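The values are calculated or read from the model by the stated rules, or taken from the named source; none is laboratory data. Note that the structure is predicted; figures quoted are calculated from it, not measured. With ideal geometry, Cβ positions are generated from the backbone for all residues, glycine too; neighbour counts draw on all protein chains shown.
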Amino acid sequence: MRAGPDEAASLLDGLHFDTLLQALAAGRGYEPALRDPPGRQGWSDAIPGSQSFGQLHGSADRLARLLAVNRAPPGARVAILAPLGPEAIVSVLACLRAGLSPMLMPMHGNELELLRLIEAADAVMALGVSRVGPLRPLLMLRELAVRAFGTRFVGGFGTDIPDGIAPLDRLMDSATLHPLPDFDQRAPLQVVDAMTLAGPLTVTERDVLARALEISRLLKPMDSSRIVTTLVGGDLAALASGPAMAMLTGVELLTLGLFSLGDLQACLAGGRNVHLVLPGTMEAALAHSRLASHPALASLVFVQRPAGQRSLPAVDRADIAIVDIDVTTAAEITVSRRS
């Protein structure tokens, strides 16, 4: 059953990521919110971990107060170069709490493409992680900050922080006393096409949560289940089907990032029902594998990009919900359940 426009509007009135996270931290603070895949250390040097809703709330608040030290004007843009995972999600939440507008940039962009995005957004700050496989996002951001006139602060997560970049993990420990700025309205998010890097385009928190509500009503995730996403970008499709839906429903989110088949098998064997989010191009491979019939699969979400064709054969599971997210642009998607 799909929420009508009036019903959805009433459900979303006054709702944003801060109110959701504050409610989850207050009522279910010890329950898991974010979890790393088992193999994360192999591609990031970070030991796999997890955060409860209470810890996520605290991390976002400390980073927001740290960013507020820079006294950027309300709505100023912050570029984020990190795969969709704990660091990226905390950065997005912190930016919004500090009255700033986050922009998640695709990891595969080259220097000229990322520079264009930073300059188009007029980003005043940039945040990133130290390593993603062979990539060194912080080194890239440091070079970009030299060339982008408006970017005056670069911060990095992790232990291997290059010179000239603020070590966020250490600085966040002393950021609790910095006041948050006052602002009249919530800043929007900037989204970039995951394939073509077109953008940035603007979406509001309400846009993201409305699509997350639409997806969640088709999947009906339970508290005891988890959402596992293989998407690494930060466009509307990735945000709505991952962190937004997880926070809206209070379900644990596991971001696979540069995942391996072993990681995916471990997630499905963890004893929870899994709502799995995959690029549409991976459907044929899944259909040919034993994972397609795994009893832990509670639903499948396939993100169909404009340039891609539907892969065949399709997964045949009449016992679970299979949802397609058709991407028109980075800021426009259509959600439908297969009959």
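Annotations
- A single entry from Leu201, Leu209, Leu197 fulfils the requirement of being modelled with pLDDT of 95 or more, in contact with a helix residue (DSSP H, G or I) (Cβ under 9 Å, 6 or more places away or on another chain) and surrounded by fewer than 23 Cβ atoms within 10 Å (Cβ to Cβ): Leu201.
- Residue ID - farthest from Phe157 (Cα to Cα), chosen from residues in the stretch 41-56 that are buried (at least 22 other Cβ atoms within 10 Å of the Cβ) and at pLDDT 85 or above: Phe53
- Checked against the criterion of being in contact (Cβ under 8 Å) with a residue 40 or more places away in the chain, surrounded by fewer than 23 Cβ atoms within 10 Å (Cβ to Cβ) and within 22 Å of Pro188 (Cα to Cα), the candidates Pro74, Pro83 yield just one match: Pro74.
- Enumerated helices (runs of 4 or more DSSP H) restricted to the stretch 227-339, each holding at least 1 residues that are more than 24 Å from Thr196 (Cα to Cα): 245-249, 261-268, 283-288
- Applying the criterion of being of a type in the set (A, V, I, L, M, F, W, C) and out of contact with any strand residue (DSSP E or B) (no Cβ under 6 Å at 6 or more places or on another chain) to the residues of the stretch 279-296, the residue that is surrounded by the most Cβ atoms within 10 Å (Cβ to Cβ) is Leu286.
- The condition of being more than 21 Å from the chain's Cα centre (by Cα) and surrounded by fewer than 23 Cβ atoms within 10 Å (Cβ to Cβ) holds for only one of Leu115, Leu135, that being Leu115.
- Test: residue in the stretch 31-45 that is farther than 16 Å from Thr249 by Cα and of a type in the set (A, V, I, L, M, F, W, C): yes
- Candidates Ala292, Ala318, Ala287 - the one that is within 18 Å of Leu218 (Cα to Cα) and either in contact with a Gly (Cβ under 9 Å, 6 or more places away or on another chain) or small (Gly, Ala, Ser) (or both): Ala318
- Comparison of Ala318, Ala246, Ala296, Ala284 shows that the only residue that is of a type in the set (A, V, I, L, M, F, W, C), at negative phi and touching a helix residue (DSSP H, G or I) at 6+ places or on another chain (Cβ under 6 Å) is Ala296.
- Among the candidates Phe157, Phe153, Phe149, Phe183, residue that is outside the structural domain of Ala331 (by TED's automatic domain parsing), closer than 23 Å to Thr230 by Cα and of a type in the set (Phe, Trp, Tyr): Phe157
- Among the conditions (1) in contact with a strand residue (DSSP E or B) (Cβ under 9 Å, 6 or more places away or on another chain); (2) surrounded by fewer than 21 Cβ atoms within 10 Å (Cβ to Cβ); (3) of a type in the set (A, V, I, L, M, F, W, C), the only one that Leu180 does not satisfy is (1).
- Candidates Gly54, Gly14, Gly99, Gly109 - the one that is among the small types (Gly, Ala, Ser), closer than 23 Å to Thr229 by Cβ and in a loop (DSSP other than H, G, I, E, B): Gly109
- Across the stretch 292-333, the qualifying residues are those that are free of Cβ contacts under 8 Å to residues at least 12 places away in the same chain and either under 23 Å from Ser224 (Cα atoms) or in the same structural domain as Val191 (by TED's automatic domain parsing) (or both), and the one among them that is nearest to the chain's Cα centre (by Cα) is Pro295.
- Filter result for the condition that a residue is touching a residue at least 40 places away in the same chain (Cβ under 8 Å) and surrounded by 16 or more Cβ atoms within 10 Å (Cβ to Cβ), over Ala148, Ala94, Ala121: Ala121
- Residues of the stretch 83-106 that turn out to be touching a helix residue (DSSP H, G or I) at 6+ places or on another chain (Cβ under 7 Å) and at pLDDT below 95, as a count: 1
- For the stretch 267-275, the count of residues that are buried (at least 16 other Cβ atoms within 10 Å of the Cβ), touching a helix residue (DSSP H, G or I) at 6+ places or on another chain (Cβ under 7 Å), within 24 Å of Ser224 (Cβ to Cβ) and modelled with pLDDT under 90 is at least one.
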